[in-house]
Amino acid sequence: MSAVRSARQFVNSMVAGFLGMALLAGAAWAQGMGGGIMSPPPNVRPPGLKNVGIQQNLNQQIPPDLIFTDDLGRKVKLGDYFGQKPLILNFVYYGCPMLCGEELAGLESTLRVLKFDVGKEFEVITISFDPKNTPETAAKKKEQFLRRYNRPGAERGWHFLVGEPDAIDAVTKAAGFQYEYDPKTGEFAHSTAILVLTPQGRIAQYYYGIEFPPKDLRLALVEASQNRIGNVVDELLLYCYHYDPEKGKYSATIMRILRLMGVATLLCLGTLLFVMMRRSPDNFQGAQVR
């Protein structure tokens with residue numbers, strides 16, 4: 001027994017030794033990589049990304065008096081697009097080598113699925129945050145995506161704008177869109193999102209990424225329009241679902257669904273009872289007498 005116990009102790013000591021060596025090696029590797037054993041706090045952003053992100057400013061008014069230049073070279077105020085229809089607002093720069101194109105492609109793909117038409121039920125405002133972009137570059141980008149969208153009247157409803165630094169700074173701050181220019185590469189570090197605005201130009205919802213769920217975006221436009229667009233089914237869905245700002249999508253409201261199911265059950269029972277009474281009124285009255 002003592003021999004077995006000694007063997008077990010030897011094995012345990014060997015395992016402990018190997019684990020200790022592994023931990024020391026891992027610590028040395030981490031220190032060699034400059035990170036130490038502890039990872040950096042999650043709220044610490046790497047250099048070049050400290051001012052990059054999106055802050056939700058729900059119900060914030062997009063300044064209507066800011067002046068930009070559209071893809072036809074005309075001076076326009078943002079307020080020129082307010083007052084009639086809900087809007088989608090997004091920020092890109094037209095020389096972006098990858099991310100902005102992906103965002104615009106994702107948006108156009110979603111809009112193509114919607115039965116709503118750009119320029120009819122809603123409008124889109126795409127603003128470049130690169131002050132070096134020109135109306136000509138905006139026109140080229142617009143032509144590219146309108147060709148893909150391929151619906152009549154969209155050219156009057158999807159606006160590609162460029163602007164001066166002060167106007168760009170004011171509108172991106174109001175929207176909570178934060179980006180940073182890298183002079184070494186000549187490119188911008190930025191996030192991607194689209195904003196849904198009320199007809200008055202107030203921020204109603206945010207959707208992040210480069211792909212946007214068509215059903216959520218449809219409900220967002222209906223809700224932002226205060227049910228001026230859409231149909232009865234949309235109103236029913238908006239009763240059962242609500243927009244979750246943290247998740248950036250619509251989530252089911254369980255209590256409302258249960259209430260709706262209860263009402264539907266009562267209606268079904270009432271209809272069934274009415275049909276039975278109409279088919280055999282004598283039998284029903286006889287049953288009441290007995």
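The values are calculated or read from the model by the stated rules, or taken from the named source; none is laboratory data. As the structure is a computational prediction, the values presented were derived from the model and not from experiment. Here the Cβ is made from the backbone with ideal geometry for all residues, glycine too, and neighbour counts use every protein chain on show. Heads up: the accessible areas ignore ligands, DNA and RNA and are worked out on the full protein's heavy atoms, side chains in. Shrake-Rupley method; radii C 1.70, N 1.55, O 1.52, S 1.80 Å.
The set of residues in region 132-146 being open to solvent by 60 Å² or more (accessible area, probe 1.4 Å) and not in a helix (DSSP H, G or I) consists of LYS132 alone.
Among the residues making up region 208-232, those that are part of a helix (DSSP H, G or I) and open to solvent by 70 Å² or more (accessible area, probe 1.4 Å) are LYS215, GLU223, VAL232. Mind checking whether some residue in region 177-185 is in contact with a His (Cβ under 6 Å, 6 or more places away or on another chain), open to solvent by 10 Å² or more (accessible area, probe 1.4 Å) and touching a residue at least 12 places away in the same chain (Cβ under 8 Å)? Yes.
Does PRO63 meet the test of being out of contact with any Pro (no Cβ under 8 Å at 6 or more places or on another chain), more than 15 Å from HIS159 (Cα to Cα) and surrounded by 14 or more Cβ atoms within 10 Å (Cβ to Cβ)? So PRO63 passes the test. A single member of LEU161, LEU197 is open to solvent by less than 10 Å² (accessible area, probe 1.4 Å), touching a residue at least 24 places away in the same chain (Cβ under 8 Å) and in contact with a Leu (Cβ under 8 Å, 6 or more places away or on another chain), and it is LEU197.
Among the residues of region 76-118, the ones that are surrounded by fewer than 22 Cβ atoms within 10 Å (Cβ to Cβ), farther than 17 Å from ASN133 by Cα and out of contact with any Phe, Trp or Tyr (no Cβ under 7 Å at 6 or more places or on another chain) come to 13 in all.
Of all residues in region 147-182, those satisfying the criterion of being in a strand (DSSP E or B) and within 18 Å of LEU66 (Cβ to Cβ) are HIS159, PHE160, LEU161, VAL162, PHE177, GLN178, TYR179.
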